[in-house]
Amino acid sequence: MSLHTDTRKIALVTGGASGIGLAIADEFVKNNIFTIIIGRDQAKLDKAKSAFGDSCETISFDMGKLELIPGLVEDIKSRFGRIDILVNNAGINMKKEFCDVTDADFMQIIQTNLLSVFSLSREVVKVMLPFKSGCIINISSMAAQYGIPKVIAYTASKTALDGMTKAMATELSPKGIRVNSIAPGFIATDMSAKALDSDPERKQKVFSRTPMGYLGETKDIGTTAAFLASDGAKYITGVILPVDGGNSVGF
Ligand code: NDP
């Protein structure tokens with residue numbers, strides 16, 4: 001891609017080679033947004049690259065390596081010139097009884113789901129500020145809307161992420177950078193399959209409190225992210241938007 005002639009918006013999507021992130025990347029590409037995908041699994045990255053072709057670039061990077069994030073963003077800036085949209089989507093979950101969660105387990109989740117989001121956002125905001133425009137979308141969870149057992153570290157990470165969304169929106173919106181969060185309900189991906197398929201009781205609970213009565217599709221989150229990144233959402237900032245078939249309000 002040519003730095004000076006390409007007028008497309010440029011997006012960065014972490015964890016964009018699978019599940020929800022892949023659906024977000026797909027919608028961005030369909031909306032003529034050049035999309036840079038970050039992930040660890042080279043095979044998944046290669047598959048995304050062959051699906052999106054010239055509309056996408058992939059970078060193999062472990063978001064847990066906080067000290068390497070400034071260099072990563074510097075490299076992207078020198079190659080592409082700007083970053084218009086950042087989607088902090090990469091995340092991991094861990095289902096364990098409260099007393100079985102070790103400090104190392106807890107830290108691993110916080111590192112991936114929270115600390116890396118802060119470090120990457122800070123570096124990307126430095127790139128966005130001179131343009132006085134930008135859009136950041138954090139991918140939260142129902143775990144930040146109500147209590148779910150056996151996901152203590154995940155819950156802590158996503159609840160902190162929602163707080164960060166509000167604080168970032170307040171500080172950065174006057175500088176032209178909108179910050180929002182999407183709170184997906186239960187969406188059919190590898191992550192939700194791992195949490196639900198071996199736990200029929202939890203699966204039943206999910207369906208019983210989801211008024212629409214079925215799991216969401218990754219595309220439902222993709223189209224929402226594309227909307228939040230569009231000019232149609234230019235007055236939306238600081239929002240934590242549930243996309244959940246009513247799960248967050250279900251009885
Ligand atoms: P997946 O497991 O399908 O995808 C997670 C993605 O994150 C993968 O592409 C993975 O890439 C990437 N990733 C994880 N750790 C790292 C890391 N250290 N460095 C770089 N990339 C990383 O899960 P989902 O698509 O379901 O989840 C995406 C987001 O949506 C997560 O933040 C999750 O918490 C959230 N979410 C999901 C819900 C659901 O029902 N599925 C509900 C609510 C929220 P790789 O394999 O290459 O490392």
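Classification of region 1-87 by its C-alpha gyration tensor yields an oblate form. The axis ratio a/c (a ≥ b ≥ c) is 1.5 or more, and b/c is at least a/b. Counting heavy atoms of the protein chains alone, Tyr146 has an accessible area of about 50 Å² for a 1.4 Å probe.
Couplings 3J(HN,Hα) of region 181-196, computed from phi: 10, 10, 10, x, x, 8, 10, 5, 9, 4, 5, 6, 4, 5, 7, 10 Hz, in residue order, whole Hz [Karplus 6.51 cos²θ - 1.76 cosθ + 1.60, θ = phi - 60°; x for Gly and Pro]. The accessible area of Arg8, taken with all protein chains in place and a 1.4 Å probe, comes to roughly 60 Å². For the chain, with all protein chains in place and a probe radius of 1.4 Å, 57% of the accessible heavy-atom surface sits on carbon or sulfur. Put simply, the amide H of Ile136, placed in the peptide plane, has neighbours under 5 Å in Leu86, Arg178, Val179, Asn180, leaving out anything fewer than 5 places away on its chain. Calculated mean residue ellipticity at 222 nm for the chain: -13000 deg cm²/dmol, from DSSP H runs with n ≥ 4 weighted as -39500 (n - 2.57), summed, divided by the residue count and rounded to 500.
Mean separation of Cα pairs under 8 Å and 6 or more residues apart, divided by the residue count, gives the chain a relative contact order of 20 percent.
Give the dimensionless ratio obtained when the Cα radius of gyration of the chain is divided by 2.2 N^0.38 Å.
Values: Rg = 17.5 Å, N = 251, 2.2 N^0.38 = 18.0 Å.
After normalising by residue count via 2.2 N^0.38 Å, the value is 0.98.
Classify region 209-251 as rounded, prolate or oblate from the Cα gyration tensor: take a ≥ b ≥ c as the square roots of its eigenvalues, call it rounded if a/c is under 1.5, otherwise prolate when a/b beats b/c and oblate if not. Taking the square roots of the gyration eigenvalues as a ≥ b ≥ c, region 209-251 is oblate.
Kindly report the accessible area of the chain per residue (heavy atoms of protein chains, probe 1.4 Å, no ligands, DNA or RNA), in Å². Numbers along the way, then the final one.
Working: 12130 Å² over 251 residues.
Ligands and nucleic acids excluded, the result is 48 Å² per residue.
Once both labels are positioned 7 Å from their Cα atoms along Cα-to-Cβ, the gap between Thr102 and Phe251 label points is 4.5 nm. The listed residues Thr58, Thr223 rank as Thr223, Thr58 when sorted by accessible area, largest first, using a 1.4 Å probe.
Ranked by the mean number of other Cβ atoms within 10 Å of their residues, highest first, the peptides 231-240, 106-115, 83-92 come out as 83-92, 106-115, 231-240.
Here each label is just a point 7 Å from Cα along the line to Cβ, and for Arg79 and Ser133 those points are 2.4 nm apart.
Between Cys56 and Thr35, the built amide H atoms are under 5 Å apart, and every one of these is 5 or more places off in sequence or on another chain.
Stretching the chain fully between Gln42 and Phe207 yields a gain of 56.0 nm (0.36 nm per residue, less the alpha carbon separation).
For Glu123, the solvent-accessible surface with a 1.4 Å probe is about 20 Å², rounded to the nearest 10. Sequentially through region 114-125, phi angles give Karplus couplings (6.51, -1.76, 1.60; θ = phi - 60°) of 10, 5, 5, 5, 5, 4, 5, 4, 4, 5, 5, 4 Hz, Gly and Pro residues having no value and appearing as x. Measuring against 20 Å, Cα to Cα, the residue pairs Lys96/Lys203; Lys166/Lys219; Lys9/Lys126; Lys150/Lys219 contain Lys166/Lys219; Lys150/Lys219 as the ones spanning a longer distance.
Ordering Asp105, Asp190 from largest to smallest accessible area (1.4 angstrom probe), what's the sequence? Could you put the intermediate results ahead of the total?
Working: Asp105 25, Asp190 130 Å².
Output order, biggest surface exposure first: Asp190, Asp105.
Accessible-area rank, largest first, for Arg82, Arg209, Arg40: Arg40, Arg82, Arg209, with all protein chains present and a 1.4 angstrom probe. The distance from the alpha carbon centre of region 26-65 to that of region 73-146 is 16 Å, rounded to a whole number.
The values are calculated or read from the model by the stated rules, or taken from the named source; none is laboratory data. Every value quoted in this text rests on a predicted model; they were computed, and no experiment measured them. We place every Cβ from the backbone using ideal geometry, glycine too, and count neighbours over all the protein chains shown. Surface areas here come from the heavy atoms of the whole protein model, side chains and all, with no ligands, DNA or RNA. Shrake-Rupley method; radii C 1.70, N 1.55, O 1.52, S 1.80 Å.
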